[in-house]
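Let me begin by presenting the structure, written as structure tokens, before commenting on it.
The values are calculated or read from the model by the stated rules, or taken from the named source; none is laboratory data. These numbers come from a predicted model, not from an experiment. Note that we place each Cβ from the backbone using ideal geometry, even for glycine, and neighbour counts take in every protein chain shown.
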Amino acid sequence: MENQATGISDISKPGGILYTTAMTDTELENTAPFWKTKTLRQMTDTEWESLCDGCGRCCLNKVEFEDTGEIVFTNIRCKMLDPVSCRCMDYENRQQHVPDCIRLTIEEVETLPWLPPPAATAS
Ligand code: SF4
């Protein structure tokens, strides 16, 4: 589908006409942010990593009760979580500091019940 120039009366300019361009679906897709047009599985590693909004919940210690499977958040943070920025102090090398730090993959996102809602719903 080709662009179509559309004339719309512009009441803010006396006698003026505002011309706008109708965008094709492909053009809209190319200008929309990736998180609106891609599934988690379609994202690049960089796009995937950029989804983190810095809430810090992933980096709080949690307790899982063996008998019920219930997971409870504590207010104890990982030693590498900067309490001011709410970011990892050495994200690139985090597993050197915290060997059991989990690298969240799409597969894990689909199975970990403790992830914050925005990450869990961005499928
Ligand atoms: S090492 Fe960094 S990313 Fe991993 S849990 Fe700690 S603060 Fe979070």
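Conditions (1) at pLDDT 95 or above; (2) more than 15 Å from the ligand (Cβ to nearest atom); (3) in a loop (DSSP other than H, G, I, E, B), marked per residue:
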residue: Thr46; (1), (2), (3): no, yes, no
residue: Glu49; (1), (2), (3): no, no, no
residue: Asp53; (1), (2), (3): no, no, yes
residue: Asn61; (1), (2), (3): no, no, no
residue: Phe73; (1), (2), (3): no, no, no
residue: Lys79; (1), (2), (3): yes, no, yes
residue: Pro83; (1), (2), (3): no, no, yes
residue: Cys86; (1), (2), (3): no, no, yes
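Return the residues of the stretch 46-87 that are at positive phi and either within 21 Å of the chain's Cα centre (by Cα) or surrounded by 14 or more Cβ atoms within 10 Å (Cβ to Cβ) (or both); say none if nothing qualifies. Gly54, Gly56, Cys86 - these are the residues of the stretch 46-87 that are at positive phi and either within 21 Å of the chain's Cα centre (by Cα) or surrounded by 14 or more Cβ atoms within 10 Å (Cβ to Cβ) (or both).
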